[in-house]
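The structure appears below as structure tokens.
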Amino acid sequence: MTISEAIVAAIGDAMDTDDSVYLLGQDIGIFEGPMQSTKGLWERFGPAGRLIDAPISEASMVGSAVGAAMAGSRPIIDLMFAEFLALTMTPLALEGASVAYRTRSGVTVPLVVRAKFGIGPHRGHAESCIGMLMGFPGLKIVIPTSPQDAYSLMRAAIQDDNPVVFLEHMSLLHGARAEVDTQLSIEIGTASIRRPGNDVTVVASGLMVSRALRAAKALAAEGIDVELIDTRSMAPLDISTILKSVQRTGRLVIAEESWPVAGPASEICAQLIRAVDGLPSFTVDFVEPPHTPVPFAAQLEAAFVPSIENIAAAVSKAHGRNAIARSTAVPAEGGAA
Amino acid sequence: MSFDHGTPEGRMNLWRAMVRGRAFDQAMCRHNNHWHEARGEEAVFIGGFAQLEADDIVAPHFRGACAVSLMRGSDPAELAAGVFGTDGSNSGGNWRGDICPTPSERFIGMFSGSLGTTVAYATGAALHLQQRHLKNVAVCAFGDGTANAGIVAESMNLASMLKLPLVFICQNNQYATSLPATTAIAGGTVSDRAKALGLEVVDVDGNDLEAVISARATAVARAREGGGPTLIHALTYRMGGHYMNDPETYRTRDEVAAWEKLDPITRFEQKLIVAGELGADEAASETLSLMAEMNDIVAAAKDAPPTENLVLNPSAYAEDWRIAS
């Protein structure tokens, strides 16, 4: 299966086993979803009314799903593209994600919002809005990068009692095929070590995982052994897996496609610094886009997103530094460590 | 409890629900500077939400939500504790009870100060009922101010398109804080807009309890039979300010006085008195006694000592509350 097929399979299997699951979104019926996001589901669930073509009204698509979820359904919203998430922030993030907290789990919102993002074959709609989502307590954010993760994490997202934003990278969706074990469970909030290594830890998500993997292969030829961690979910963030790795390698490079301010990279740093009580034993470097909207011209768009070469260069640079863990670093008086 | 306005018992229960709701509301006015008074709008929220089944899903306007909750069996002491955010509330202080009682699977509340989202939640609740092939309905009230929010139009369109078992009630009290509905609702009325979106629409005198009940009964029956959503546009008036400290510079005393004469409780009470179903003295003494009872309950909730059972949970996830509680 491709990632796209795995997601559709997970949704279909969940709908087969739980009739409180329904899917609502624009053009998901006979059109089979933008970029085939619901291919084959119309035949299976359309006649029963469980696949619903929605009008262009993102706030009420997600708002109605929050209401249905509170009442007992497990809705999935196909929002098409992540940039539309900004239209849904009050019902989804400000309110929907607060319901369990405000009611001490007396009422919950088991809801999945699917959204495609990132640069890819579908020109435009590249914005990921991940930092915006991370700011709201109670929301889960999943970003699969393999067919297995896509299948298992979608099943987990549908089962989850919290609203989950399921981000589907457009460059990965119809990429490499792999066998999928439909019985394998993966918990949301667990990172995956895509490549074990000893010299530099690279943390990435989405397309950055596959680019970092290729950078790591190139760097291995130069004698730099990269450990690559795929966060798989941005909230909750599996900081302990990252911490364990960087405490061993002493060098961290965060490769990120989304905006650099108040986003994944910032949060990973903040959580690491908290976890080590302000005394990191590792260096931190970043490969990120500039803090601008995603440009449209193909060349500009390509330059906006970190490339394999950008990642490799950042890792080489980090490797050239003395890892703090391998020195006996003492924080300077009154200054930063 | 029967709220069938076709029977003397039902009519007494309706009158009592209005008086009790106002008693709670007025006690809050005395004890809480942030309270959003509902005086004068009782016919809409009691008439709009009475006589529903326990499994019907309700999403009342924040103005009057506590009265609806009381009518559906909530304990006033617990509601009052929710308003003050103390340990006696069933949200443990996490829920903003001054704008709405704590929600349940059959009671949709407001989860922030934003208006309009509850209309979408009620729409989704109705979709849930339709998906599960249940015969229940959702009833949702919102104000004239909220009628201008985009999500309301989006939700009405979705509800109409899917023929959802849903009744919208526009509780038009004529002011969105200070902006008059006559100014803010451009291009006609809320009813005109709903008609354009394909809804069944009925305009009623929102200070006439029986008119609201009759419109709601028809709309609910239609929704239960798969006939789709209705908008009940109920014209009423907010007797108090937007909230307790409102200087009310935007309207005249004469305007308020004119609407005072149309008070929905007095109007219904007079009908019952004329029909010989309620004595004038009985009405006065029961009103006083309910006012005193609610005042005591609210005062006690306000004066509740600091409690020890509140839980500051560092996580907002559902599963982490299950561990904490």
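The values are calculated or read from the model by the stated rules, or taken from the named source; none is laboratory data. As the structure is a computational prediction, the values presented were derived from the model and not from experiment. We place every Cβ from the backbone using ideal geometry, glycine too, and count neighbours over all the protein chains shown. Note: accessible area is taken over every heavy atom of the protein model, side chains too, but ligands, DNA and RNA are not part of it. Shrake-Rupley method; radii C 1.70, N 1.55, O 1.52, S 1.80 Å.
Computed quantities for the displayed model
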| item | result |
| --- | --- |
| Sparsely packed GluC sites (Glu not before Pro) within segment B:217-269, loop by DSSP, other Cβ within 10 Å at most 11 | B:Glu225 |
| Trypsin sites (Lys or Arg not before Pro) within segment A:105-134, DSSP loop, no more than 13 other Cβ atoms inside 10 Å | A:Arg123 |
| Sites matching chymotrypsin sites (Phe, Trp or Tyr not before Pro) across segment A:252-327 that sit in DSSP coil, with at most 11 neighbouring C-beta atoms within 10 Å | A:Phe296 |
| Cα-centre dipole for the protein assembly as shown with unit charges at Cβ (Lys and Arg positive, Asp and Glu negative), debye to 20 | 1160 |
| Positive-end residue of A:Gly96, A:Ala218, A:Leu172, charge dipole of chain A with Cβ unit charges | A:Ala218 |
| Hits among lysines - C-alpha to C-alpha of A:Lys140 under 18 Å, sequence gap 8 or more where chains match | A:Lys116 |
| Cα gyration tensor shape of chain B, rounded if a/c is under 1.5, else prolate or oblate by comparing a/b with b/c | rounded |
| Accessible area per residue in Å² at 1.4 Å probe, computed on segment B:181-288 | 49 |
| Residue-normalised accessible area of segment B:20-96, expressed per residue, 1.4 Å probe, Å² | 28 |
| Residues in segment A:158-185 that, when all protein chains are in place, have 10 Å² or more less accessible area than the chain alone would give (probe 1.4 Å) | A:Asp161, A:Asn162 |
| Average beta carbon contacts from partner chains per residue of B:102-115, 10 Å cutoff | 5 |
| Most positive-pole-ward Cα, A:Val203, B:Pro76, B:Gly240, against dipole of the protein assembly as shown from beta carbon charges | A:Val203 |
| Cβ-derived FRET efficiency at R0 22 Å, A:Asp18 paired with A:Asp181, nearest 0.05 | 0.65 |
| Accessible area of chain A belonging to carbon and sulfur atoms, whole % at 1.4 Å probe | 54 |
| Interface residues, segment A:61-84 - accessible area loss of 50 Å² or more versus chain alone, probe 1.4 Å | A:Ser64, A:Met70, A:Ala71 |
| Between helix A:147-159 and chain A: long-axis angle, C-alpha atoms, 0 to 90°, nearest 10 | 60 |
| Check: chain B dipole with +1 on Lys, Arg Cβ and -1 on Asp, Glu Cβ, in debye | 780 |
| Which of B:Gly143, B:Ile213, A:Ser4, positive extreme of dipole for the protein assembly as shown (C-beta unit charges) | A:Ser4 |
| Fraction of antiparallel bridges per DSSP, the protein assembly as shown only, in percent to nearest 5 | 10 |
| Cross-link partners of A:Lys217 among lysines (Cα-Cα below 26 Å; sequence separation of 8 or more within a chain) | A:Lys244, A:Lys317 |
| Sequence-distant lysines (8 or more away, or on other chains) whose Cα lies within less than 23 Å of B:Lys163 | B:Lys135, B:Lys195 |
| Total accessible area lost when A and B pair, probe 1.4 Å, Å² to nearest 100 | 3600 |
| Assigned charges on the beta-carbon of Lys, Arg, Asp, Glu; segment A:182-308 dipole about Cα centre (debye) | 240 |
